[in-house]
1. Residues of the stretch 83-128 being within 19 Å of I72 (Cβ to Cβ), modelled with pLDDT of 90 or more and of a type in the set (F, W, Y), which ones?
2. List every residue pair whose Cβ atoms lie under 6 Å apart, where the two residues are 6 or more positions apart in sequence or sit on different chains, the first residue falls within the stretch 93-104 and is closer than 18 Å to G82 by Cβ and in contact (Cβ under 8 Å) with a residue 12 or more places away in the chain, and the second residue, located anywhere, is assigned to a helix (DSSP H, G or I) and among the acidic types (D, E).
3. Can you name every one of the helices (runs of 4 or more DSSP H) wholly within the stretch 65-147 that holds 3 or more residues which are among the basic types (K, R) and under 23 Å from Q13 (Cα atoms)?
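The values are calculated or read from the model by the stated rules, or taken from the named source; none is laboratory data. The structure presented is a predicted model; accordingly, all values stated were derived computationally and were not measured. Cβ: placed from backbone, ideal geometry, glycine included. Neighbour counts: every protein chain shown.
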Amino acid sequence: MTSVIQIDDEIAQRIMNHLEGAKSRDLVNVEYAKVILDQLENVSSGGECDLEKRAVIKVLLLSTWSQRLYFIMRSFIMGQIGALITLCYILYFGTIDFIGGFMMGILVFVASLSISSLFDEQIIRTTKKIVKYLGRHEKTRNFIMKYF
């Protein structure tokens, strides 16, 4: 059973590496999807085919976890940046009115989005580490996916 899990992990890792190496324009191309499907169809039927199917499902789950965690982490960073800018504004001016708040909200959103995009590579690396950690800790993973 352990060798089946190892083979499953190897296949999933190979597919994940293939997908991570793809450019955005490749992912929207129908031909790219056909290439991946052709690779799966070339596998002989039986146990090995089932391994490929499980590997694809595992890659999809890992991708979903990564996207959710990335969204959570980037939203958290944007919220902290927005709170800091708002705090500085209120400390400097002492008050905020409706029009000022509306204009500042737009400014804060654009600024926090821009600043958080500077840390995009670090966020992605951290997200991958968290996904690996959550792969080994089922209770923590289920808690995060259920409540966040």
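1. F109
2. Sorted first by the residue in the stretch 93-104, then by its partner, the list stays empty.
3. Per the criteria, 120-136.
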